[in-house]
């Protein structure tokens, strides 16, 4: 079952439990409010998926993979920063993986001596380090600690850590690619 299905099932179970306790809960109203709250994120995700499909089917991903293959030996390091950039732009590791996962795998295949599994995983790991500088996440974090409007200050304080940690992910990917390739699962 997909994660979304499990969330739906949990909602139905919660509704039934609330009904059993005689709490006045209208299933349609609750899901209607939830759908309205999620309208913008749903549209955003749909557009990101559409862009990813457009990139894949138009050959943009393959063209970019050829360009990134020119980085050669250092690509596993670059892969971390590509994931980092994707999360900075989209605010989501999942969205970054959707946009750049195929690109990472195709670039690794072009290189021939780097695992596509490693580069796709490095995209995700590097992306996590971009989460702390993503404007969407900065605004949520600032609101959570009652610092609305201080996003720029927070960004300035965390950017160096984000870059250092992403570089560390890149170094680990380089070690896995060229020193310890046997630890990477085979497809």
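Between segment 1-77 and segment 78-119, what is the C-alpha centre distance in whole Å? The two parts, judged by their Cα centres, are 19 Å apart. Dividing the mean sequence gap of close Cα pairs (under 8 Å, 6+ apart) by how many residues segment 99-187 holds gives a relative contact order of 31 percent. Given 37 °C and 0.692 mPa s, how large is the Stokes-Einstein diffusion coefficient of segment 133-187 in µm²/s, with Rh as the Kirkwood radius over Cα pairs? This corresponds to a translational diffusion coefficient of 245 µm²/s. Look at the alpha carbon pairs under 8 Å that are at least 6 residues apart: their mean separation over the length of segment 40-182 gives a relative contact order of 27 percent.
If you build the Cα gyration tensor of the chain and take the root of 5 times each eigenvalue, what three semi-axes come out, in whole angstrom, biggest first? Walk me through the numbers on the way to the answer.
Details: eigenvalues 265, 95, 53 Å².
After diagonalising the Cα gyration tensor, the semi-axes are 36, 22, 16 Å.
Ranking 153, 176 by Cβ neighbours within 10 Å, fewest first, what do you get? Could you put the intermediate results ahead of the total?
Values: 153 12, 176 19.
In increasing order of surrounding Cβ atoms, one gets 153, 176.
The value for segment 24-133 of Rg(Cα) / (2.2 N^0.38 Å) is 1.30.
Ignoring everything except DSSP H segments at least 4 long, calculate the 222 nm mean residue ellipticity for the chain; use -39,500 (n - 2.57) per segment, divide by total residues, nearest 500. Mind showing how you got there, number by number?
Details: 9 runs with 147 residues, N = 187.
Helices in the chain give a 222 nm mean residue ellipticity of -26000 deg cm²/dmol.
Arranged from fewest to most other beta-carbon atoms within 10 Å of their beta carbon, 70, 147, 131 become 70, 147, 131.
For 27, 182, 15, the sequence from fewest to most other C-beta atoms within 10 Å is 182, 27, 15. The simple spin-label model puts a point 7 Å past each Cα toward its Cβ; for residue 14 and residue 38 those points are separated by 1.1 nm.
FYI, it's all coordinate maths here, none of it is from the lab. Computed from a predicted model, the values in this text were never measured in an experiment. When we count neighbours, we look across all protein chains shown, and the Cβ atoms used for this are built from the backbone with ideal geometry, even at glycine.
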